[in-house]
Amino acid sequence: MVEPLTEFIVENAKTARRYLRAIGYKKNFDTEVTIQELDKHAQHQNCESLLHNVLQGTDCGLISEAGNPCIADPGNEIIAYAHKRNIKVVPLVGPSSILLALISSGFNGQQFCFHGYLPIQNPERRNKIKNLENTSRLATQIFMETPFRNQSLLDEVLKTCLDETMLCIACDLTLPTEFIKTQTVKAWRSNKEDFHKRYCIFLLGR
């Protein structure tokens, strides 16, 4: 029987403890478990300190707030440091909204590129959208925005892109309010949904 981990590196200790309890983790957080938080405000993580016990032989889990660590979430510096120190890395897949959006879009899953957040201000944002539209003929282009700016981003996409360009919006993935739709930009203009304060992934493809 595999013994549960007793050390974790997380984005937020409170929500990490809540998540672990929800999946049946039984150990006492006060006396049996070490939880270290990533410093979200630091330019670089203190990997040596975070992995101190791992270097002494302790196994450790890296948990992100949603999706997978290192995929539009922090953690890559920890993993890079682990490789440099010959620490074994064992990936475990979780429900990544980026990959869920891609496989439900109907777009090219052999060639795709994730861009994260686009520029907020114009003309930089408009130019970026136009560039993504042009390259979407070769590979699926995936991007996202903070929930309170979704609608303004969508408005810019609909103003910038050609009628026949295909756009998928995957929203609230795995939640009861899940919404996934792929159609032309022209069709989106006619039937605009309200995505304000909802969690969305945007994809341009063919």
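Going through region 138-156 one residue at a time, which ones are in a loop (DSSP other than H, G, I, E, B) and surrounded by 15 or more Cβ atoms within 10 Å (Cβ to Cβ)?
At the first step, the residues of region 138-156 found to be in a loop (DSSP other than H, G, I, E, B) are 138-139, 145-146.
Within region 138-156, Ala139, Glu145 qualify.
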### Query
From the list Leu138, Leu173, Leu118, Leu162, which residue is closer than 20 Å to Asn191 by Cβ and touching a residue at least 24 places away in the same chain (Cβ under 8 Å)?
Leu162
### Query
What residue, among those in region 44-64 that are open to solvent by 90 Å² or more (accessible area, probe 1.4 Å) and in contact with an Asp or Glu (Cβ under 8 Å, 6 or more places away or on another chain), is modelled with the highest pLDDT?
Asp59
### Query
How about region 105-115: which of its residues are more than 16 Å from Thr184 (Cα to Cα) and in contact with a strand residue (DSSP E or B) (Cβ under 8 Å, 6 or more places away or on another chain)?
Gly109, Gln111, Phe112, Cys113, Phe114, His115
#### Entry: Residue ranges of strands (runs of 3 or more DSSP E) in region 163-206 with at least 1 members more than 14 Å from Phe143 (Cβ to Cβ)
166-171, 179-184
### Query
Out of all the residues in region 114-123, is one or more open to solvent by 40 Å² or more (accessible area, probe 1.4 Å), assigned to a loop (DSSP other than H, G, I, E, B), closer than 18 Å to Ala66 by Cα and of a type in the set (Phe, Trp, Tyr)?
no
### Query
Out of Ala82, Ala101, which single residue is open to solvent by less than 60 Å² (accessible area, probe 1.4 Å), closer than 28 Å to Asn134 by Cβ, of a type in the set (A, V, I, L, M, F, W, C) and out of contact with any Asp or Glu (no Cβ under 9 Å at 6 or more places or on another chain)?
Ala101
### Task
Pull up region 4-43, narrow it to residues that are acidic (Asp, Glu) and without any contact (Cβ under 8 Å) to a residue 12 or more places away in the chain, then point me to the one that is least open to solvent (accessible area, probe 1.4 Å).
Asp39
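The values are calculated or read from the model by the stated rules, or taken from the named source; none is laboratory data. Everything numeric in this text was worked out from a predicted model, so none of it was measured. Please note: Cβ atoms are built from the backbone with ideal geometry, for glycine as well, and neighbour counts cover all protein chains shown. Accessible surface areas use protein heavy atoms only, side chains included; no ligands, DNA or RNA. Shrake-Rupley method; radii C 1.70, N 1.55, O 1.52, S 1.80 Å.
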